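Throughout, read-outs are computed from the coordinates displayed, never taken from laboratory work. Everything quoted here is computed from the prediction, not taken from an experiment. Please note: Cβ atoms are built from the backbone with ideal geometry, for glycine as well, and neighbour counts cover all protein chains shown.
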Amino acid sequence: MENYYIGIDPGVTGAIAVLSDDQAMQVFDFQRDNPRRLLQIYKGLNTPNTIACIENIITIPGAGREKLYESFYQHKFCLDYFGIQHKTVYPLTWKKEFNLSKKNKTKEDSYNLALSLFDNSSKFLRAKTKDHNRAEALLIAKYCQIVT
């Protein structure tokens, strides 16, 4: 039976990525103000051999922390509701696995790494400025696969 790994970048305009053992992937965009869409996505991911890693929220003052927390907890609710096993991972933890934790590393570095790690990711990653959330969700899914 194949395993599935979900990576969740719960930013206000974040993404959900799913990897399987054979590196097949799916990527979903979402917006915080569409909880029904989240329920639809997670309902389709509810399989016995699925584990998710959701990036924990770290906020800086004035960065709209309420919206970020709301997005984080919407994901947590959906994972719990559908019984999907999950764990929370701090950004520095998963980024360290990929040598992205240095201060001079940017979202563009995450984007470039995701393109190089996943052969068919170019169909999901088309614009560096727009798709960095997708790239980070893919890397979080890969981190989930590595540590479980």
Take the Cα of GLN85, step 7 Å along the line toward its Cβ, and report every residue of the range 9-23 whose backbone nitrogen sits under 18 Å from that point.
18-22
What are the ³J(HN,Hα) couplings of the range 66-80, residue after residue, when phi is run through the Karplus curve with 6.51, -1.76, 1.60 and θ = phi - 60°? Round to Hz, x for glycine and proline.
4, 5, 5, 5, 4, 4, 4, 6, 5, 5, 4, 4, 4, 4, 5
So what is the relative contact order of the chain, in percent, for Cα pairs below 8 Å that sit 6 or more residues apart?
33 percent
Among the lysines, select those whose C-alpha is under 26 Å from the C-alpha of LYS102, and discard any that sit fewer than 8 residues away in the same chain.
LYS87, LYS128, LYS130, LYS142
Whole-Hz ³J(HN,Hα) from phi, Karplus 6.51 cos²θ - 1.76 cosθ + 1.60, for the range 10-15, glycine and proline x
x, x, 4, 10, x, 8
Counting only helical runs of four or more DSSP H residues, what would the 222 nm mean residue ellipticity of the chain come to if each run contributes -39,500 (n - 2.57) and the total is spread over all its residues?
-13000 deg cm²/dmol
Cubic angstrom per residue, convex hull over Cα atoms of the range 1-113
109 Å³
Backbone HN-Hα couplings from phi across the range 103-116 [Karplus 6.51/-1.76/1.60, Hz, Gly and Pro as x]:
4, 7, 7, 10, 5, 5, 5, 4, 4, 5, 5, 4, 4, 7
If you place +1 on the Cβ of every Lys and Arg, -1 on the Cβ of every Asp and Glu, and leave all else neutral, what size is the dipole of the chain about its Cα centre, to the nearest 20 Debye?
420 debye
For LYS128, distant residues with modelled amide H under 5 Å away
none
Residues whose built amide H sits under 5 Å from the amide H of LYS87, excluding neighbours closer than 5 in sequence, are ALA52, CYS53, ILE54
